[in-house]
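Read the structure below first, then the notes.
The values are calculated or read from the model by the stated rules, or taken from the named source; none is laboratory data. Remember, it's a predicted structure, so these values are computed and weren't measured experimentally. Here the Cβ positions follow ideal geometry from the backbone for every residue, glycine too, while neighbour counts run over all protein chains shown.
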Amino acid sequence: MDDLIQKAAADLAQAKMVSALTGAGASIESGIPPFRGKGGLWEKYDPMEVAHIDSFIQDPVKVWNLLIKDMKDIVDQAQPNDCHKGLARLEELGKLQTIITQNIDGLHQMAGNTDVIEFHGTFAWQRCMECNTHIETRRVDISEIPPHCQCGGILRPNAVFFGELIPQEALWRSRQVATDSDVMLVIGTSAVVQPAALMPVVAKESGATVIEINPESTVLTNDISDYLIKGPAGDTINRIMANLDALL
C-alpha cells in the first residue's frame, strides 16, 4: 500500500493536468449518507416515490417531508473532510484543475476548489419553480413545507431528480476535462451510474493515468484503473498529499 501511495504522489508530481471524479465515498466522512449501497437512502426509501420529478410535482409536501427536509438538516451541518481539504490543497499546488462530482452537497466548493462540475446538480442551493431564483439551502426557512420563494413559487433542490436530464454543459465539460487530463483521480465512486461512470473511460482512452481510491474494487479496477489504492478517501488523500509535498 505504501508503494502505491508513493506512486500516486509521483504521478501527481509529474502531471500537468489533473482531474478528479468523486462519488459518495468522498463525503461519507462528512456525515453525508450515500444514496446507493449498504446503508444508503434507497434502502430506506423508494427513489421513484421520493426522488422522481413527477412525484415532486404531484406532491411536493410529501417529498419535502420524506426526503428533502432531512437532507437539508444533514447538508446544513456538514463540513469538508480530509478528502475535500486535500483536493483543495492539490488545486492550490497548481496540480488539480477540475473536479467532476456526483455528489450534491457543495463540500468541494466549501473546501476551496474553484472549478467543480456538479454532474447531478447541487443540494446546497434551492431554486424557485416559478421565477428560477436561487437560494442557499442553509438560508431556506422550512417552518412551512414546502418552502416558498418570495414570489410565491415552490422551492426545490437545484439537483437532478430522476426523470430529469443531466445538464448538457456538465456532460460536455466533463468529457472535455476527461479528454485533456493526464491523471484522473477516481475517488469514492462505484462507477455504475452513467454517464458519470464513462468519464474515467474517456480519460483512459485519451492516455491518462487513472488512479482509483476506493475501499473495494469496482467495475473500473481491472480494465480502466491503472491501480487501486484501497482505503477511506480522507486518510488516503492525506497520505498521498504528505508524499507529494515532499516531492515538490
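Answer yes if at least one residue in segment 235-244 is out of contact with any Asp or Glu (no Cβ under 6 Å at 6 or more places or on another chain), of a type outside the set (Asp, Glu) and assigned to a loop (DSSP other than H, G, I, E, B), and no otherwise.
Scanning segment 235-244, I find no residue that is out of contact with any Asp or Glu (no Cβ under 6 Å at 6 or more places or on another chain), of a type outside the set (Asp, Glu) and assigned to a loop (DSSP other than H, G, I, E, B), so the answer is no.
Working only within segment 212-229, note down all residues that are over 20 Å from residue 18 (Cα atoms) and in contact (Cβ under 8 Å) with a residue 40 or more places away in the chain.
The one that is over 20 Å from residue 18 (Cα atoms) and in contact (Cβ under 8 Å) with a residue 40 or more places away in the chain: 215.
Filter segment 107-127 for residues that are of a type in the set (Phe, Trp, Tyr) and part of a strand (DSSP E or B) and give the result.
Scanning segment 107-127 gives 123, 125.
Kindly establish whether residue 205 is under 25 Å from residue 171 (Cα atoms) and among the acidic types (Asp, Glu).
Yes, satisfied.
Yes/no matrix, rows are residues, columns are (1) on the phi < 0 side of the Ramachandran plot; (2) assigned by TED's automatic domain parsing to the domain that holds residue 219; (3) charged (D, E, K, R); (4) in contact with a strand residue (DSSP E or B) (Cβ under 8 Å, 6 or more places away or on another chain):
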residue	(1), (2), (3), (4)
154	yes, no, no, yes
179	yes, yes, no, no
183	yes, yes, no, yes
201	yes, yes, no, no
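Can you go through 145, 166, 104 and tell me which one is β-branched (Val, Ile, Thr), in contact with a Phe, Trp or Tyr (Cβ under 7 Å, 6 or more places away or on another chain), buried (at least 20 other Cβ atoms within 10 Å of the Cβ) and not in a strand (DSSP E or B)?
Step by step, each of 145, 166, 104 is checked, and only 104 is β-branched (Val, Ile, Thr), in contact with a Phe, Trp or Tyr (Cβ under 7 Å, 6 or more places away or on another chain), buried (at least 20 other Cβ atoms within 10 Å of the Cβ) and not in a strand (DSSP E or B).
Among (1) outside any loop (DSSP other than H, G, I, E, B); (2) of a type outside the set (Lys, Arg); (3) in contact (Cβ under 8 Å) with a residue 24 or more places away in the chain; (4) not assigned by TED's automatic domain parsing to the domain that holds residue 9, which single condition is residue 130 missing?
(1)
Could you run through segment 73-100 and say how many residues are touching a strand residue (DSSP E or B) at 6+ places or on another chain (Cβ under 8 Å), in contact (Cβ under 8 Å) with a residue 40 or more places away in the chain and crowded, with 20+ Cβ neighbours inside 10 Å?
Here the count works out to 8.
When you check residue 101 against the structure, is it more than 18 Å from the chain's Cα centre (by Cα) and either on the phi < 0 side of the Ramachandran plot or hydrophobic (A, V, I, L, M, F, W, C) (or both), yes or no?
In short, no.
Give segment 44-56 a look and list any residue that's surrounded by 14 or more Cβ atoms within 10 Å (Cβ to Cβ) and either within 30 Å of residue 18 (Cα to Cα) or touching a strand residue (DSSP E or B) at 6+ places or on another chain (Cβ under 9 Å) (or both), or say none.
Those that are surrounded by 14 or more Cβ atoms within 10 Å (Cβ to Cβ) and either within 30 Å of residue 18 (Cα to Cα) or touching a strand residue (DSSP E or B) at 6+ places or on another chain (Cβ under 9 Å) (or both): 47, 51, 52, 53, 55, 56.
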